[in-house]
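Colleague: Handing you this structure, nothing more for now.
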């Protein structure tokens, strides 16, 4: 409901105080008005009593006057005279003498003679009837629509000869007299019942006021005694109704209404009420201001803290000024400490994130950030400065000194290349970002740097030689999606080392696309299905028989996008990823199929298939290969590179034994290129040994080669193996090999590897003309 | 003179038509006798009327005495003042309006009542003094005594109208009228029931 603590507190306190004040003021008001009402009620009742007394007094006066008149001998004589004019004048005389409003006589026969000579009509008849039945009645008489206080007295002369009636108008004069006698300024009025409704005797009456007044009078006559509350359009009043006796009968047809406006009754208390309300309002204002100030003092530090926390969240400086010694003050202090600690930690984390912990040099991320910042600048170059044989050096001098070595190297760099940013790319490599004019200039600068960098370095007690290789990569060359410059520089180091150079600029063309190659493997199975991977066969020429009696099946992959893929590219990958198994299964099956097709064409040839060393120890493959070769319509040979069996020699040898046992020919491939072992030749039950083409190609160049080949041929023959020379490309080599007793020749001199269709053509020609290569 | 007349009357009785006496007793509902009521029988008669009682209305002890006086038409009534104070006797009655202005002790006024009717008497000085003179034109008239009895002698026999009047009798004209069968000889007794109302007493002044 409240978003601010201060508002909440203020409203709560001021609200509570205000409610209390309201209750107090209300109580005071109620007490005062109840008291005022009570006072007015009792005053009204006193006023009623006064009126009673006044009424009695007037009655007595009237009576006295009437009786006096009735005793007057002359008057009695006048009555007896039956002369109405005399009677009237006598009545008028007495009326004036007594100072009353109306006097009239009623004869024994009901004749009414009024002092002013008028005809009283029905009013007079009613009074005549009343006096005849009541002898000497008194009360209110309605004459001519006005209320009169009337009293009748018999005329005795000495017996009853009639009545004399004195009537005094109940007008405002009389009411004023009553009002003056009262202790409070009440207002008195006489109401009489006219046509069933109570109406004031004189003066205009407002209907709005009439209804509640009538109801009040009816209620009062109906049994409610004492003063009561009368609500009219003019406001509330305390009122008292006194029924007045009627001269004509007991039923009250006239009432006296005493009224006292409540507002008037409350007037004396108005000042008191105003003071109470004034004090209340002043108190409320004070409470409001006080709670505001209090809550402000309480909540301001909280607000300040609140703001500070928000600032801290946004990572801004958030220090709170401590003002007090209370809990909030302590909280603020703690907050400051915390904020400071957080800031320190943050700086530390940022430093750690961007610095190498060992050397405290900017790390790769820092270099990357700088590169990102420099992305739009031309001629920015990245250099990767890799310590040669760092692992060995570190092994000798230890981690500490290795780190020191790099620090010193970085210092040297900083000296030589001011303005460059220097960081640590990886454990053995420093990175440097610098401005230059182009790759050539950069290369020149790198060579210049190398001279100072490779100066002997003093580390602790010892002096160490340092060798550094520098890879360079331009930043401007980088396009989106390409390799990051830092990687390129690192690759350039590798390229430089491969080229036995001290520094090199990254050569994208030479690097190729290793990532693309990796994706090849996932495409290999599809390629087999789609027929992109096929078999070519290269003839093996039997020198002694002077004919082609065997073929080596070689896999070829024509990639729809990348074109011809050399086996050197995808075979090692297939071996690494396990794809070699389905590839070999395919090659074996296809070789057997092709052998069958050649046989169908009338050529029965041995077919050699290269089996990866990885598969030799695989029992599944061994079973599958044995099963596949069952259906071969000729002899199948497995060419095994001697190094291949070294992984799991026991199992591989066992499998080779089984293959040999099943009639599969076993060839030792590429003999002489690896670390050829004699024990190896002894263990493997091979029937053929293939001399690596490196020896054959250089056969004519060196006597040493000739000797090695000759002795190898002799060794193989001694062990009962045939010898095949690979890479036979010249007649000269062919002649030498033939002279050495080599059994088979394979190479471009004979024929390149070719598809089955071409092989069949070749074999047809071969049959027609026996070849001579010597 | 009076005695002589009475004697004459008695002597005449056998000569005239037969007549009887009427004895009336007036009581109220409680059987209490009502005194001072005037009983009259409007029977035919001849000759002057004379009553055996004096035609005299004295004022004594600030009262009229008697309270009710029956006199024949044309009678002269004496108004002797036996009190030490003066009285101012008056009557506004239609039968006889007169006024005897202040007269003193042992003074006597004489008023002739020449019309039948009731003449209320008052004293202008003393309101409490009230009396009635009943002027009749019949010899058959009597006033009830303390026992409520009135006897009228020698009333001609036959049914005769009897009227009982009292100033405070609760009846129209303060009178009860009935017919009484008068015997040829002897006495007829007639009981009459009546109620008196309280006289209008002059109230004390405030």
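Colleague: Across the range A:678-721, what is the number of residues that are surrounded by fewer than 22 Cβ atoms within 10 Å (Cβ to Cβ), under 22 Å from residue A:658 (Cα atoms) and in contact with a helix residue (DSSP H, G or I) (Cβ under 7 Å, 6 or more places away or on another chain)?
Modeller: Adding up the residues that qualify gives 4.
Colleague: Would you confirm whether any residue within the range A:240-254 is assigned by TED's automatic domain parsing to the domain that holds residue A:190 and under 18 Å from residue A:183 (Cβ atoms)?
Modeller: Looking through the range A:240-254, at least one residue is assigned by TED's automatic domain parsing to the domain that holds residue A:190 and under 18 Å from residue A:183 (Cβ atoms).
Colleague: Output the strands (runs of 3 or more DSSP E) that fall wholly within the range B:71-137 and possess 3 or more residues being within 14 Å of chain A (Cβ to nearest Cβ) and touching a residue at least 24 places away in the same chain (Cβ under 8 Å), or say none.
Modeller: Strands (runs of 3 or more DSSP E) meeting the threshold: B:87-92, B:117-123, B:130-136.
Colleague: I would also like to ask the following. Just checking, does the range A:164-173 include any residue being touching a helix residue (DSSP H, G or I) at 6+ places or on another chain (Cβ under 6 Å), surrounded by 15 or more Cβ atoms within 10 Å (Cβ to Cβ), within 14 Å of chain B (Cβ to nearest Cβ) and in contact (Cβ under 8 Å) with a residue 40 or more places away in the chain?
Modeller: Yes, the range A:164-173 contains at least one residue that is touching a helix residue (DSSP H, G or I) at 6+ places or on another chain (Cβ under 6 Å), surrounded by 15 or more Cβ atoms within 10 Å (Cβ to Cβ), within 14 Å of chain B (Cβ to nearest Cβ) and in contact (Cβ under 8 Å) with a residue 40 or more places away in the chain.
Colleague: Name the single residue, out of those in the range A:137-160 being over 18 Å from residue A:65 (Cα atoms) and in contact with a helix residue (DSSP H, G or I) (Cβ under 7 Å, 6 or more places away or on another chain), that is nearest to the other protein chains (Cβ to nearest Cβ).
Modeller: Result: A:143.
Colleague: Let me ask another. Does the range B:54-65 hold any residues that are in contact with a strand residue (DSSP E or B) (Cβ under 7 Å, 6 or more places away or on another chain) and farther than 13 Å from residue B:100 by Cβ, and which are they?
Modeller: Of everything in the range B:54-65, those that are in contact with a strand residue (DSSP E or B) (Cβ under 7 Å, 6 or more places away or on another chain) and farther than 13 Å from residue B:100 by Cβ turn out to be B:55, B:56, B:65.
Colleague: Just name the residue that is farthest from the other protein chains (Cβ to nearest Cβ) out of those in the range A:62-83 that are out of contact with any helix residue (DSSP H, G or I) (no Cβ under 9 Å at 6 or more places or on another chain) and loosely packed, with under 15 Cβ neighbours inside 10 Å.
Modeller: A:83
Colleague: Which of the numbered conditions does residue B:145 fail, given that it passes all the others? Conditions: (1) assigned to a strand (DSSP E or B); (2) within 21 Å of residue B:53 (Cα to Cα).
Modeller: (1)
Colleague: If you go through the range B:62-70 one residue at a time, do you hit one that is at pLDDT below 90 and touching a helix residue (DSSP H, G or I) at 6+ places or on another chain (Cβ under 7 Å)?
Modeller: no
Colleague: Still on this structure: Can you name the residue in the range B:150-196 that is in contact with a helix residue (DSSP H, G or I) (Cβ under 8 Å, 6 or more places away or on another chain) and closer than 13 Å to residue B:40 by Cα and is also surrounded by the fewest Cβ atoms within 10 Å (Cβ to Cβ) among such residues?
Modeller: Step one: list which residues in the range B:150-196 are in contact with a helix residue (DSSP H, G or I) (Cβ under 8 Å, 6 or more places away or on another chain), which gives B:154, B:165-168.
If we keep only those that are closer than 13 Å to residue B:40 by Cα as well, we get B:154, B:165-166.
Values: B:154: 19, B:165: 22, B:166: 25.
If we take residues in the range B:150-196 being in contact with a helix residue (DSSP H, G or I) (Cβ under 8 Å, 6 or more places away or on another chain) and closer than 13 Å to residue B:40 by Cα, then B:154 is surrounded by the fewest Cβ atoms within 10 Å (Cβ to Cβ).
Colleague: Looking at the range A:491-564, what strands (runs of 3 or more DSSP E) fall wholly within it and have at least 2 residues that are under 27 Å from residue A:755 (Cβ atoms)?
Modeller: Per the criteria, A:533-542, A:547-559.
Colleague: Is it the case that the range A:11-29 has a residue that's out of contact with any strand residue (DSSP E or B) (no Cβ under 7 Å at 6 or more places or on another chain) and either within 14 Å of chain B (Cβ to nearest Cβ) or more than 30 Å from residue A:295 (Cβ to Cβ) (or both)?
Modeller: There is at least one residue in the range A:11-29 that is out of contact with any strand residue (DSSP E or B) (no Cβ under 7 Å at 6 or more places or on another chain) and either within 14 Å of chain B (Cβ to nearest Cβ) or more than 30 Å from residue A:295 (Cβ to Cβ) (or both).
Colleague: Kindly establish whether residue A:116 is away from chain B (no Cβ under 14 Å), closer than 23 Å to residue A:175 by Cα and in contact with a strand residue (DSSP E or B) (Cβ under 8 Å, 6 or more places away or on another chain). Before the answer, list the steps.
Modeller: On the way: away from chain B (no Cβ under 14 Å): yes; closer than 23 Å to residue A:175 by Cα: no; in contact with a strand residue (DSSP E or B) (Cβ under 8 Å, 6 or more places away or on another chain): yes.
So residue A:116 does not fit the description; no.
Colleague: Among (1) modelled with pLDDT of 90 or more; (2) within 14 Å of chain A (Cβ to nearest Cβ); (3) under 30 Å from residue B:27 (Cα atoms), where does residue B:145 come up short?
Modeller: Failing condition for residue B:145: (2).
Colleague: Take residue A:264 and decide whether it is touching a residue at least 60 places away in the same chain (Cβ under 8 Å), under 30 Å from residue A:138 (Cα atoms) and surrounded by 16 or more Cβ atoms within 10 Å (Cβ to Cβ).
Modeller: Spelling it out, it is not the case that residue A:264 is touching a residue at least 60 places away in the same chain (Cβ under 8 Å), under 30 Å from residue A:138 (Cα atoms) and surrounded by 16 or more Cβ atoms within 10 Å (Cβ to Cβ).
Colleague: From the list B:189, B:184, which residue is part of a loop (DSSP other than H, G, I, E, B), touching a strand residue (DSSP E or B) at 6+ places or on another chain (Cβ under 7 Å) and more than 12 Å from chain A (Cβ to nearest Cβ)?
Modeller: Selected residue: B:184, the only one of B:189, B:184 that is part of a loop (DSSP other than H, G, I, E, B), touching a strand residue (DSSP E or B) at 6+ places or on another chain (Cβ under 7 Å) and more than 12 Å from chain A (Cβ to nearest Cβ).
Colleague: Of the numbered conditions (1) surrounded by fewer than 17 Cβ atoms within 10 Å (Cβ to Cβ); (2) away from chain A (no Cβ under 12 Å); (3) within 27 Å of residue B:87 (Cβ to Cβ), residue B:199 satisfies every one except a single condition; which is it?
Modeller: Every listed condition holds for residue B:199 apart from (2).
The values are calculated or read from the model by the stated rules, or taken from the named source; none is laboratory data. For clarity, every value in this text was computed on a predicted model and none was experimentally measured. With ideal geometry, Cβ positions are generated from the backbone for all residues, glycine too; neighbour counts draw on all protein chains shown.
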